[in-house]
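Derivation of every value follows stated rules applied to the coordinates shown; laboratory data play no part. All values reported here derive from a predicted model rather than from experimental measurement. Every residue, glycine as well, gets a Cβ built from its backbone with ideal geometry; the counts of neighbours run over all protein chains shown.
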Ligand SMILES: Cc1ncc(C[n+]2csc(CCOP(=O)(O)OP(=O)(O)O)c2C)c(N)n1
Ligand SMILES: [Mg+2]
């Protein structure tokens, strides 16, 4: 049973590092923009931001190959952008417009892309976990060597259906990577108030599922752990658990009063562990990029994000007739 922390850095080129910087920055700026649009009343309903956790999904996507699948909870915009979904379609969905991925009828928590193998977007805590094992079952059945990244939170890890899924996934050696995005809080409840052990991945031991802890603020550590997990799954050895220790900077959702933690706690993580700053430093000190290069990337990202907001605002609301389409009765 592997129980070691992933510390060794994988070798990546300056170009790859720059790409991870770009992808993490896209998620952060996109979500900051979504936060603004929410404040302006252009986004309604639930909206859960991923800011702070960017290295998790970017690192794991770097370990994925075409055909691999992914699905997650309601905190899902980062996953969509990282797997290559179009920022315009995501922003238009957030604002409930026709040009959105679910034609404006799903909103933040309910977007899908079969083209990018993104299976949601799930508002019910833990609901995506058995679905992820189901997708992995289909891949195993078809013998296509794909893996499914099934993301869920520390809070979701206390759901019963997670353990029913662990059992089946282990029993049938399903190619599924369970990614526990441990951001230390489930809404306003700190992990130590809800969870019996400081590490969650150890629960896999009861089912014979190996796992490990990963520093989720370090995109390279995440990528390396992801590659190991992917290799395990593709070799037909069954599921793997990655417990990625991360942190969300924003509230649980846009309506979070944030009374359960201090500002200083958040500020400390931002200053000492920020995943984007970390890569920025590496790029500069390793001379893979100059300040000018990084400014050009920032500018490019800003343009993409602004365009997505413009696209969203100019896309019409869904027609009334759409109320009766895509409905399962
Ligand atoms: C079955 C169910 N119970 C409760 C809720 C309300 N709820 C929404 S998010 C959440 C916390 C989940 O926390 P975690 O799994 O750590 O994910 P995070 O929000 O930190 O990403 C709860 C209890 C829900 N949506 N579904
Ligand atoms: Mg959490």
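Tell me the mean residue ellipticity at 222 nm calculated for the chain from its helices only (DSSP H runs of n ≥ 4, each -39500 (n - 2.57), averaged over every residue, nearest 500). Walk me through the intermediate numbers first.
Working: 11 runs with 141 residues, N = 329.
So the calculated ellipticity at 222 nm is -13500 deg cm²/dmol.
Evaluate the relative contact order of the range 207-265 (contact order divided by residue number), counting alpha-carbon pairs under 8 angstrom at least 6 apart; express in whole percent. Walk me through the intermediate numbers first.
Values: 49 pairs, mean separation 22.1, N = 59.
Relative contact order here is 37 percent.
If I take every Cα pair under 8 Å that is 6 or more residues apart in the chain, average their sequence separation and divide by the length, what percent do I get for the relative contact order? Each step should come with its number before you reach the end.
On the way: 639 pairs, mean separation 84.8, N = 329.
Result for the chain is 26 percent.
Here the gap between residue 145 and residue 287, fully extended at 0.36 nm per residue and compared with their Cα-Cα distance, gives a gain of 47.3 nm.
Report the calculated FRET efficiency for residue 264 and residue 98 (r = Cβ-Cβ distance, R0 = 56 Å), to the nearest 0.05.
Values: r = 44 Å, r/R0 = 0.78.
The computed FRET efficiency comes out at 0.80.
Can you sort 328, 283 so the residue with the fewest Cβ neighbours within 10 Å comes first?
Numbers: 328 3, 283 21.
Lowest to highest Cβ neighbour count: 328, 283.
Based on the convex hull around the alpha carbon atoms, the range 85-190 presents an average projected area of 7.5 nm².
Averaging 1/r over every pair of different alpha carbons in the range 12-136 and inverting the result gives a Kirkwood radius of 14.7 Å.
For 77, 288, 252, what's the fewest-to-most ordering of other Cβ within 10 Å of each Cβ?
Working: 77 29, 288 18, 252 21.
The most exposed by this proxy come first: 288, 252, 77.
Counting pairs of Cα atoms in the chain, how many percent are more than 39 Å apart? Counting every Cα pair in the chain, those more than 39 Å apart make up 10 percent.
So what is the relative contact order for the range 75-123, in percent, with contacts set as C-alpha pairs under 8 Å and at least six apart? Relative contact order comes out at 29 percent. Going from the residue with the fewest nearby Cβ atoms within 10 Å to the one with the most, 165, 95, 189 rank 189, 95, 165.
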